[in-house]
Amino acid sequence: DTGVSQNPRHKITKRGQNVTFRCDPISEHNRLYWYRQTLGQGPEFLTYFQNEAQLEKSRLLSDRFSAERPKGSFSTLEIQRTEQGDSAMYLCASSLARTGDYGYTFGSGTRLTVV
Amino acid sequence: DQQVKQNSPSLSVQEGRISILNCDYTNSMFDYFLWYKKYPAEGPTFLISISSIKDKNEDGRFTVFLNKSAKHLSLHIVPSQPGDSAVYFCAASSRITDKLIFGTGTRLQVFP
């Protein structure tokens, strides 16, 4: 068990370009979450999956953002036509069951810088 | 609206003493509260949680207290160690949704 893996760790892109991030959850975890964290703030919920079904999306997730989890394993988060306001740490997490007593396990994140 | 609030952005404590981190919430539907610890360049790490039906949960040096009437919880670390220096986030979840709502964090520094 290598934990939650996120790639790339860092991404610098020009405004207007598309970017895609990948998250590999802990293998037996059926729930997968995406969060975004900006400086001085706590992580903000973006979306979550149970297996391959996307069960909830935040209104923070504009139509430029899309997430997928084909086959209920790894997930991708794509941002189209990036804007400077998209610069943030994008965190992925996974869990086996509802948050409850055990929380969920976060990856180390992908830091996006839009220039 | 900020449903989970951590009003102290930073806290400095001497090694061996008690660290107390505070968190307030507004949503009475929250049924689990969690504390996460975050080091620079790493994702948050789950520390301890408490169900809304309890008022205390203890795990080694870490104890979380919940006061539902005041909508307030606190994390006590005794004794504090230099390795505890990190940013601590309070988070909450409700029966309705599985997402966590995080506070803005408190940076704890434990000095020798």
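Some points to look at:
- Every condition in (1) within 14 Å of another protein chain (Cβ to nearest Cβ); (2) in a strand (DSSP E or B); (3) surrounded by fewer than 21 Cβ atoms within 10 Å (Cβ to Cβ); (4) among the aliphatic types (A, V, I, L, M) holds for B:ILE50 except the one numbered (3).
- Residue match in the stretch A:80-95 (condition: free of Cβ contacts under 8 Å to residues at least 12 places away in the same chain, small (Gly, Ala, Ser) and within 11 Å of chain B (Cβ to nearest Cβ)): no
- Among the residues of the stretch A:1-32, those identified as over 16 Å from A:ASN51 (Cβ atoms) and not in a strand (DSSP E or B) are A:ASP1, A:THR2, A:GLY3, A:VAL4, A:PRO8, A:ARG9, A:LYS14, A:ARG15, A:GLY16, A:GLN17, A:ASN18.
- Subset of the stretch B:94-112 [surrounded by fewer than 20 Cβ atoms within 10 Å (Cβ to Cβ) and outside any loop (DSSP other than H, G, I, E, B)]: B:SER94, B:ARG107, B:GLN109, B:PHE111
- For beta carbons closer than 8 Å, sequence separation of 6+ or different chains, a first residue in the stretch B:90-112 that is free of Cβ contacts under 8 Å to residues at least 24 places away in the same chain and within 28 Å of B:LEU11 (Cα to Cα) and a second that is assigned to a strand (DSSP E or B) and of a type outside the set (Lys, Arg), the qualifying pairs are B:LYS99/A:TYR33; B:LYS99/A:PHE45; B:LYS99/A:TYR48; B:LYS99/A:GLU56; B:LYS99/B:SER93.
- When the stretch A:52-67 is filtered for residues that are surrounded by fewer than 13 Cβ atoms within 10 Å (Cβ to Cβ) and either more than 24 Å from A:THR38 (Cβ to Cβ) or modelled with pLDDT of 95 or more (or both), only A:ALA53 remains.
The values are calculated or read from the model by the stated rules, or taken from the named source; none is laboratory data. Note that the structure is predicted; figures quoted are calculated from it, not measured. Every residue, glycine among them, receives a Cβ derived from its backbone with ideal geometry; neighbour counts consider all protein chains shown.
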